[in-house]
Amino acid sequence: MAKVIICDPIHKDGVQMLRDAGLDVTLDTEVTAEDLLHKIGEYDAMVIRSRTKVNKELLDAATSLKAIARAGVGLDNVDLPYAKEKGVEVFNSPEAPCNAVAELVLGMMFNMARMITEADAGMKQGKWEKKKLTGFEIQGKTLGIIGFGRIGYTLGKKAKCLGMRVLAFDVALDRVKQYIDEIGAEAADLDTLYAESNFITVHVPLLPQTKHMINKEAIAKMRDGVHLINAARGGVIDEEALKEALNSGKVKGAALDVFEQEPKPDEELVCRSNVICTPHIGAGSVEAQIGNSTVVAEKLIKFFSS
Ligand code: NAD
């Protein structure tokens, strides 16, 4: 029976799945780095979140280790090249937060369209600003999605149900075209997406090619009064260019869940009345947390049964 050590807290549903599948599970969610180094040799697999650091020293001590399961997305805490060299399989759960992020983005779009946070702030100051708060409807508007992977697709599907026109751009068009067609969206080149979208949202990873992809030049190609959203990674939108465009009115509003500097983002940007901000909570739903644990449990079970 494969022995699994769970080194960081994960939702109990995933733990139960592993036990039901007959794996020998040890819950040791407060284990120190030193203790882990002594005991890791006994285990065939380890489940981690971001707390446990899987470095060369730990991998060298992990003489029976066959798999590392990271409940969550980021793998910065795992020495991936060395794990690969040692033949250790690494799993994570990027599928789990898709719906949570897509719903947050929709919430941001509704908020920008109907100025909900602004209205609420006014009410709390005793104001009744009915006229100032005439918004617009998102039905019939065009949503431009840059990066049509898991989250882009999930969001696009929901936006179509709300009666939006959806334009999608992805560098891997061959791979994603079937999903664009499936939901009735339209594949577009970037210039068309910029020129025709009322809302533009980015769902790409942060890479050298995507850093500041939404910059001064890109914004200049967008329609006047566009609304921009970033719930992907800070740095995909150039914050200096965004501030300039918010000042000029070229960009009417922005909604940001991620920032170039976290957890201390640019105050000038965050405090603007035409910017809605959330502190990187895209994956912050109960369902996504459950998903993180059950998705990696499923992957581990499959790994040990094949
Ligand atoms: P994914 O890998 O499924 O999709 C990303 C897509 O971007 C792919 O289809 C890829 O081809 C495309 N892409 C890559 N480079 C591109 C480029 N230069 N131009 C256009 N398209 C490009 O990823 P995902 O799971 O959908 O996640 C998308 C983003 O959301 C990632 O940055 C991820 O880190 C982030 N994320 C944020 C949160 C949060 O809490 N806010 C939670 C989960 C994921």
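The values are calculated or read from the model by the stated rules, or taken from the named source; none is laboratory data. Given the structure is predicted, the values throughout are model-derived calculations rather than measurements. When we count neighbours, we look across all protein chains shown, and the Cβ atoms used for this are built from the backbone with ideal geometry, even at glycine. Quick note on the areas: whole protein, heavy atoms, side chains included, nothing else; ligands and nucleic acids left out. Shrake-Rupley method; radii C 1.70, N 1.55, O 1.52, S 1.80 Å.
Table: residues versus (1) in contact with a Ser or Thr (Cβ under 9 Å, 6 or more places away or on another chain); (2) open to solvent by less than 70 Å² (accessible area, probe 1.4 Å); (3) free of Cβ contacts under 8 Å to residues at least 12 places away in the same chain.
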residue	(1), (2), (3)
Gly72	yes, yes, no
Glu103	yes, no, no
Ile116	no, no, yes
Gln125	no, no, yes
Lys131	no, no, yes
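Highlighted here are the helices (runs of 4 or more DSSP H) found entirely within the range 43-116 that include at least 1 residues which are in contact with a strand residue (DSSP E or B) (Cβ under 6 Å, 6 or more places away or on another chain) and over 16 Å from Ile5 (Cα atoms): 80-85, 98-114. Among the residues of the range 190-206, which ones are farther than 17 Å from Val226 by Cβ and open to solvent by 40 Å² or more (accessible area, probe 1.4 Å)? Within the range 190-206, Pro205, Leu206 qualify. The residue pairs whose first member lies in the range 201-226 and is farther than 10 Å from Ile146 by Cβ, whose second member is modelled with pLDDT of 95 or more and among the aromatic types (Phe, Trp, Tyr), and whose beta carbons are closer than 7 Å, counting only pairs six or more residues apart or on different chains, are Lys221/Tyr194; Met222/Tyr194. Identify, please: which residue in the range 29-42 is surrounded by 14 or more Cβ atoms within 10 Å (Cβ to Cβ) and assigned to a loop (DSSP other than H, G, I, E, B) and is, among those, farthest from the chain's Cα centre (by Cα)? Selected residue: Val31. If you filter the range 164-182 down to residues that are over 21 Å from the mean Cα position of the chain (by Cα) and open to solvent by 10 Å² or more (accessible area, probe 1.4 Å), you find that the one that is nearest to Ala220 (Cα to Cα) is Arg165.
Being more than 17 Å from Arg150 (Cα to Cα) and more than 12 Å from the ligand (Cβ to nearest atom) is the filter here, so list the residues in the range 278-288 that pass it. Within the range 278-288, just Val286 meets the criteria.
In the range 279-293, the residues that are open to solvent by less than 80 Å² (accessible area, probe 1.4 Å) and among the hydrophobic types (A, V, I, L, M, F, W, C) reach residues that are at pLDDT 95 or above and in a helix (DSSP H, G or I) with C-beta atoms within less than 6 angstrom, at least six apart or across chains, in these pairs: Ala283/Ala100; Ala288/Ala100; Ile290/Asp13. Here Thr210 fulfils each of the conditions (1) over 20 Å from Gly253 (Cα atoms); (2) within 15 Å of the ligand (Cβ to nearest atom); (3) open to solvent by 20 Å² or more (accessible area, probe 1.4 Å) apart from (3).
Of all the listed residues (Ala245, Ala220, Ala255, Ala232), the sole one being over 24 Å from Glu118 (Cβ atoms) and buried (at least 21 other Cβ atoms within 10 Å of the Cβ) is Ala232. The number of residues in the range 159-196 that are within 14 Å of the ligand (Cβ to nearest atom), in contact with a helix residue (DSSP H, G or I) (Cβ under 9 Å, 6 or more places away or on another chain) and assigned to a helix (DSSP H, G or I) comes to 6.
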